[in-house]
Amino acid sequence: MARGLATTILVSSFFYLSAQNLEHVPPVLAKKATKDNTALLLSTADLGVLKQQQEEHPYASTLQILDADQSWPPRWYYSTPVYTNAMFEEDKRNRQLRVNFIEGPQNDATYLSYASVYCQPETGQNNHIGMEFISYFKMLNGQMALVDSIMHVGRADTMSIRTTVFSGILRPGFKNDPHGEELSVLIKDSVFDLSMISGSPGDKSVEGVFNLVQILDHYNNVILNWTPLQLSAVRAYVKDWLDKRAMGGGSNSLFKIDGVSFDSDGNILYSLEKIGIGKISRTDGHVMWHIDYANGPLINGKDTLSFHSTANFKALMDADTSFVYTILEHGADSFPLVGGIVFEQNKKTLNFKVLKYMNAKKAYRRGDEAQKGTFDYRAKGGSYLIEYGQFEVPDTAKSNFQDAFEYGKGDSTYGAYLSPKWNFTLGAHRLENWPLPARPTISKNGNKLEAQSGSNNYTWYKLSGDNNTSVTEVGHGPVIHPENGATYCVAVPYGIGFSVSRSFTYKP
């Protein structure tokens with residue numbers, strides 16, 4: 001799988017040399033201890049600068065593997081370049097902005113994939129003109145090494161950031177199809193001719209956000225292009241937007257696809273932020289079914305629910321008589337609490353039925369401006385993970401840390417986890433059927449600490465402060481002479497990132 005590999009290795013080398021230091025990795029802390037030895041996969045993004053916030057400690061965006069029973073330091077991490085406060089202030093004076101984050105990690109038994117988006121201000125530019133946004137999907141093998149990557153480049157053409165941004169997945173294929181495919185959403189500015197909807201000759205064009213779902217095969221041939229404009233619910237929403245615009249309201253974000261994924265039969269699941277969820281044919285793009293949020297309650301069973309604002313819509317399993325799906329309900333004013341939903345569609349009747357509804361233990365409400373989030377559920381054993389998403393105002397009244405996600409089984413919460421203010425998880429899942437990177441180990445040998453692993457390239461860190469979240473690099477090599485009572489960890493290169501030991505406190 002060599003598609004785009006040479007170019008992306010060059011870019012990845014830049015990332016590798018520019019960051020990859022544990023000091024810039026946002027700590028994930030266990031708020032509630034768990035004895036479960038499951039590994040967790042998550043991505044993090046430091047969004048403070050995008051919210052125009054000065055941060056106590058700027059962090060890098062990361063891809064992390066955590067041990068559920070001891071989440072800090074991480075078992076393994078990969079990080080992008082850190083965006084410091086000084087860099088942000090300099091960019092702000094030049095009316096610039098750089099973006100650098102990782103999102104949507106997932107894995108099957110063979111590959112782990114994630115999406116990454118970044119931009120760098122060009123030298124000599126004093127605005128967003130000419131800024132390049134680069135987005136790509138990376139696929140890693142069981143040794144966390146890069147085996148495939150697809151890159152896209154878009155350019156901003158106005159003072160506001162209006163460009164092409166990508167989100168989606170890269171995976172080796174779907175059921176009964178051995179070939180790798182890329183499924184992505186292209187989100188870009190466009191001009192709509194709305195006279196067909198409004199009936200007014202004056203509505204010839206209007207600027208708005210245009211979404212395009214696209215499938216590329218292994219050779220970058222386009223298999224499918226689809227836009228939700230054909231949905232009657234979308235057209236009704238646009239008409240409502242036109243009516244509000246006539247009264248001085250409305251938004252130029254006409255509709256937004258907030259997620260796409262392959263179903264087990266190879267067709268495409270989609271989620272529209274303000275419209276609903278559905279499934280389209282991968283062959284010709286026709287809508288196989290659609291659930292409109294505005295017409296709820298829509299699903300009847302053990303629970304009767306209306307979908308209001310959802311995220312992370314995906315297939316759970318392909319049963320003999322039904323397709324089973326999961327989704328995270330973000331709520332609305334009339335239904336404020338957030339939780340995960342498991343539901344099925346009967347293959348014969350096409351009717352839907354709720355199987356399970358799980359309230360998040362963190363009792364946050366839609367009014368807290370939570371956005372995105374994930375719901376990861378395993379039918380076997382009933383384990384689940386709810387990631388809360390982003391908050392407009394982080395819940396950090398008592399500390400610099402906020403509730404990030406929870407992990408549990410059935411009605412019992414195993415663990416609850418915290419992340420630093422303005423650092424949000426952009427995907428959190430249980431990591432199953434995956435060869436976990438081995439942690440290096442630390443042992444005491446007289447007045448020295450010795451590290452052991454399959455590598456000779458060791459970096460030592462001293463951990464201090466609250467919950468050992470202050471990190472200082474203190475040495476290299478297999479041996480160091482520690483301070484009495486100090487706590488240390490050691491990291492070694494592993495794939496594109498680093499494997500990290502558990503913490504070790506030295507006592508003479």
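Note on the stretch 121-146: residues that are modelled with pLDDT under 80, out of contact with any His (no Cβ under 8 Å at 6 or more places or on another chain), over 19 Å from Val260 (Cα atoms) and buried (at least 16 other Cβ atoms within 10 Å of the Cβ) amount to 4.
Name the one entry in Lys302, Lys314 that is at pLDDT below 90 and assigned to a strand (DSSP E or B).
Numbers: Lys302 fails: assigned to a strand (DSSP E or B).
After ruling out the rest, the residue left standing is Lys314.
Scanning the stretch 401-450 for residues that are assigned to a strand (DSSP E or B) and either under 30 Å from Thr84 (Cα atoms) or open to solvent by 10 Å² or more (accessible area, probe 1.4 Å) (or both) yields a count of 30.
Suppose the filter is modelled with pLDDT under 80 and over 17 Å from His429 (Cβ atoms); does Gly331 pass it?
yes
Would you mind finding the one in Ser253, Ser261, Ser281 that is within 24 Å of Gly104 (Cβ to Cβ), surrounded by fewer than 18 Cβ atoms within 10 Å (Cβ to Cβ) and modelled with pLDDT of 65 or more? Within the list Ser253, Ser261, Ser281, the selection yields Ser281.
Tell me, yes or no, whether the stretch 338-360 has at least one residue that is surrounded by 14 or more Cβ atoms within 10 Å (Cβ to Cβ), at pLDDT below 70 and of a type in the set (Lys, Arg). The answer is no; no qualifying residue exists.
Yes or no, residue by residue, for (1) part of a strand (DSSP E or B); (2) open to solvent by 10 Å² or more (accessible area, probe 1.4 Å); (3) among the β-branched types (Val, Ile, Thr); (4) touching a residue at least 40 places away in the same chain (Cβ under 8 Å):
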| position | (1), (2), (3), (4) |
| --- | --- |
| Asn37 | no, yes, no, no |
| Leu40 | yes, no, no, yes |
| Glu56 | no, yes, no, yes |
| Tyr59 | no, yes, no, yes |
| Gln64 | yes, no, no, no |
| Pro81 | no, yes, no, yes |
| Ala86 | no, yes, no, no |
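Of the residues making up the stretch 264-295, those that are farther than 18 Å from Leu216 by Cα and not in a strand (DSSP E or B) are Glu273, Lys274, Ile275, Tyr293, Ala294, Asn295. Out of all the residues in the stretch 497-507, is one or more within 19 Å of Leu436 (Cα to Cα), within 30 Å of the chain's Cα centre (by Cα), open to solvent by 50 Å² or more (accessible area, probe 1.4 Å) and not polar (S, T, N, Q)? The answer is yes; a qualifying residue exists.
Scanning the stretch 463-479 for residues that are open to solvent by 50 Å² or more (accessible area, probe 1.4 Å) and in a strand (DSSP E or B) returns Ser470, Thr472, Glu473, Val474, His476, Val479.
The values are calculated or read from the model by the stated rules, or taken from the named source; none is laboratory data. As the structure is a computational prediction, the values presented were derived from the model and not from experiment. Because the Cβ atoms are built from the backbone with ideal geometry, glycine has one as well, and the counts that use them run over all protein chains shown. Heads up: the accessible areas ignore ligands, DNA and RNA and are worked out on the full protein's heavy atoms, side chains in. Shrake-Rupley method; radii C 1.70, N 1.55, O 1.52, S 1.80 Å.
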